[in-house]
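Report on one structure; see the data block that follows.
The values are calculated or read from the model by the stated rules, or taken from the named source; none is laboratory data. Everything quoted here is computed from the prediction, not taken from an experiment. A quick note on method: Cβ atoms are made from the backbone with ideal geometry, for glycine too, and the neighbour counts reach across all protein chains shown. Note: areas computed on protein heavy atoms with side chains; ligands, DNA, RNA excluded. Shrake-Rupley method; radii C 1.70, N 1.55, O 1.52, S 1.80 Å.
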Amino acid sequence: MRFRFPLYNSSSSLFSNFSSSLYSTISSLPLILSSSSFLSIPSPVSMAPAFEHVPAPQEGETGAETAMPHYTVSGNNGGEVGYKSRVTVVGSGNWGSVAAKLIASNTLRLNSFHDEVRMWVFEETLQSGEKLSDVINRTNENVKYLPGIKIGKNVIADPDLENAVKDAKMLVFVTPHQFMEGICKNLVGKVRGDAEAISLIKGMEVKMEGPCTISSLIFEQLGINCSVLMGANIATEIAVEKFSEATVGYRDNREIAEQWVQLFSTPYFMVTPVQDVEGVELCGTLKNVVAIAAGFVDGLDMGNNTKAAIMRIGLREMRAFSKLLFSSVRDSTFFESCGVADVITTCLGGRNRKVAEAFARNGGKRSFDELEAEMLQGQKLQGVSTAREVYEVLSHRGWLELFPLFATVHEICIGRLPPSAIVEYRTKRPQLSLIEESSPYH
């Protein structure tokens, strides 16, 4: 069995620079594993000075009271004394519901935020005949997308998008990326001019003028600043409060980044801010394409060595693609939770790998649409549509030979190649000379 694409050698400086920074990057990481109690006592976030060491809960305490400091964020906050920012979560799938749960636990104790968290729900009628939003508000549980998990009594489900975002200062977008353009168009003129947004969405739009990240789409259509949150975050694990990390990517305003860190951080969910919106966002977007490839490997029973090779090649193509599009992307971002950690967890679990495995086991004879409908109970795949969007960019810019893994994944998804092509050798090597220089990248 031979690879259809070459395992890039280290002679390319574009890729070799990535590994050369490994030692210095790892040596600077906080040694959170050095303490046997790190799961119950959150370590200070190294990039967020507002966080202080928190003592362990005393007997009889749940930890919620002492887990994080309770204070008001400095800054404008609407220009009113005692002003409390309202938070709205736009989206209510399993990840959207988990995001609402995290945020709701924090708004109750942070003086700078209104207790109530609104969550926009795309209304559905359940088999019982009840509306999904009514059931969420009655049971405090998203019975369709996150059954068995209480998301917080202060979470209010609202099927009216305009009403859900009314007066919200902090907007959290977490919907399938293919719906975002329509959502943004519906929100034009409906959100506060001083609102701050954050995208948890993994995908991008491809337009005639080129690729457009979701954070850019939100900024262009709504005229508000947009940060991003990405990471090794399988929603069902965070829902039951298993320890996890995430990365907030921000542009210029560190104070806003720290507000997002406060809203999401819990003793089991550690968030780190990084000044690299594009790098963080593209990591979260592109890793789903790598996960599709990993699913093909699993479906063909190729083993762990092959899967590890796919993950390594995928991470390199993620970095190269990101830096070709945005020269500002930082190498260090790929060592955050949004980078290598998210590649690992998505290729080991998650819906993209799961459905791609089924696709390969069926020899590509059942479509992804059919498998998605059967296996995901209304949830949406991101990897297949992202692979198509990436392929469009590569084709338009003449980069297909530079990214054989990304190109191959799409060609398998549309039936042009069989699943086994994921490891078939391509005799024509990619023209790495086009991207050998570390800068500029476009």
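Per-residue SASA remark: Glu241, around 100 Å² accessible (1.4 Å probe; ligands, DNA and RNA not included). Computed over the stretch 107-234, the alpha-carbon pair-distance distribution with 10 angstrom bins reads 11, 38, 37, 13, 1, each value a whole percent. Just need the relative contact order of the stretch 304-403 here, percent rounded to a whole number, with Cα pairs under 8 Å and 6+ apart. About 17 percent, as a whole number. Each peptide in 131-137, 98-104 receives the mean, over its residues, of other Cβ atoms within 10 Å, and ordering these scores from highest gives 98-104, 131-137. The listed residues Thr125, Thr247 rank as Thr125, Thr247 when sorted by accessible area, largest first, using a 1.4 Å probe. Counting only heavy atoms of the protein chains and using a 1.4 Å probe, Asp298 has close to 40 Å² of accessible surface. Note on the stretch 87-126: Rg/Rh from Cα positions, Kirkwood definition for Rh, rounded to two decimals, is 1.04.
Remark: for residue pairs Lys101/Lys144; Lys101/Lys242; Lys202/Lys354; Lys144/Lys380; Lys287/Lys354; Lys131/Lys242, the C-alpha separation exceeds 19 Å in Lys131/Lys242.
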